[in-house]
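The block underneath contains the structure these notes are about, expressed in structure tokens.
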Amino acid sequence: MNAPLPGHAASNPIAIAQALLAVDQVSLEYRTPQRVVRATHQVSFEVDQQDRFVLLGPSGCGKSTLLKAVAGFIAPCEGEIRLQGQRVDAPGPDRIVVFQEFDQLPPWKTVKQNVMFPLLASRTLKKKQAEERALHYLEKVGLAAFADAYPHTLSGGMKARVAIARALAMQPKILLMDEPFAALDALTRRKMQEELLLLWEEVRFTLLFVTHSIEEALVVGNRILLLSPHPGRVRAEVHSHQYNLQSLGGVAFQESARRIHRLLFDEGQSPEAELDHDFNDIRIAY
Ligand code: ADP
Ligand code: MG
């Protein structure tokens, strides 16, 4: 069974009826001359405004593929993706991706020019307004003083912040992040998670965030979709808004991490058994 897991809108009558993003029974495949690789199988989830929605699962379960489909780079072979009710069939400035390789910043452009570039290339803004918008978001990520610096002079964490500022400057309806901190050292990674949460407090953007780290999912997300190993299917959805970086190492946090681990890897017992553990913030998908 792969019943759709409704978002907050379905469980909260006060919320707006329509989810911002609906991923509806989506299967994704790669076709090569030799064979067909199924990356995800009938995956459904809904993301509401201001959600920090995390896709969590082991390497190869189709997280990046799902994100690329939401971005409009890959078409589902089954099911449908809708943004505010409109079927997604191409990339658009309302969905901006921050990839894990953020050495995607062209080295010949300054930090400010890097942030301005998509605004100008998409003809979203004229030069003057693009510059103002770029400086505004550089300030939000704490890099106003580095506006005229070149990317190679920045640390990994600073480059990640430029990539985030560049994405937010486009003011997308949803920000898509694919393991954006995976290449950073552990301390910088933690700092970036903290900054992302602070930035969210301030800007309240809607985030779809991919990770294979249970800990990162609990810290960054307010809702977590657990995907099975290849091909990715929905295992469960967990609410995790109660956790932040201060929760790390706490008893409740560790217990949640263990439960998620069991749900992901199905160790020893059926997922339904988890319901007996007063895990009342969880919905089991099968
Ligand atoms: P994740 O991001 O969860 O690690 P991916 O979405 O990258 O997983 O990949 C899902 C599956 O699709 C994997 O089995 C992977 O080998 C396969 N895959 C990914 N990209 C391609 C591609 N370009 N061609 C063929 N198979 C691919
Ligand atoms: Mg990936």
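Quick notes on this structure:
- Residue within the range 38-61 that is over 20 Å from Leu264 (Cβ atoms) and within 16 Å of ligand 2 (Cβ to nearest atom) present: no
- Remark: pairs (first residue in the range 89-107, within 14 Å of Lys68 (Cβ to Cβ) and assigned to a strand (DSSP E or B); second residue acidic (Asp, Glu) and modelled with pLDDT of 80 or more; Cβ separation under 9 Å; 6+ apart in sequence or on different chains) = Val97/Asp178; Val98/Asp178.
- Near pairs, Cβ below 8 angstrom, 6+ apart or cross-chain, from the range 207-221 (of a type in the set (Asp, Glu)) to any residue that is part of a helix (DSSP H, G or I) and away from ligand 1 (no atom under 16 Å from the Cβ): Glu215/Ala257; Glu216/Arg189; Glu216/Gln193
- Evaluation of Pro4 against (1) at pLDDT 95 or above; (2) within 18 Å of Gly232 (Cα to Cα) (one fails), failing number: (1)
- Residue count for the range 218-267, restricted to those that are surrounded by 21 or more Cβ atoms within 10 Å (Cβ to Cβ), of a type in the set (S, T, N, Q) and away from ligand 1 (no atom under 16 Å from the Cβ): 2.
- Within the range 53-81, no residue satisfies the criterion of being surrounded by fewer than 15 Cβ atoms within 10 Å (Cβ to Cβ), over 14 Å from His41 (Cα atoms) and away from ligand 1 (no atom under 13 Å from the Cβ).
- Any pair with Cβ under 9 angstrom, 6 or more apart, that starts in the range 177-191 at a residue that is under 9 Å from Gly157 (Cβ atoms) and ends at one that is away from ligand 1 (no atom under 16 Å from the Cβ) and in a loop (DSSP other than H, G, I, E, B): Thr188/Ser155; Lys191/Leu184
- Residue count for the range 46-64, restricted to those that are touching a Phe, Trp or Tyr at 6+ places or on another chain (Cβ under 9 Å) and either more than 21 Å from Phe99 (Cβ to Cβ) or without any contact (Cβ under 8 Å) to a residue 60 or more places away in the chain (or both): 2
The values are calculated or read from the model by the stated rules, or taken from the named source; none is laboratory data. This one's a predicted model, so the numbers in the text were calculated from it and none came from an experiment. Positions of Cβ are generated from backbone atoms using ideal geometry, with glycine treated the same way; all protein chains shown enter the neighbour counts.
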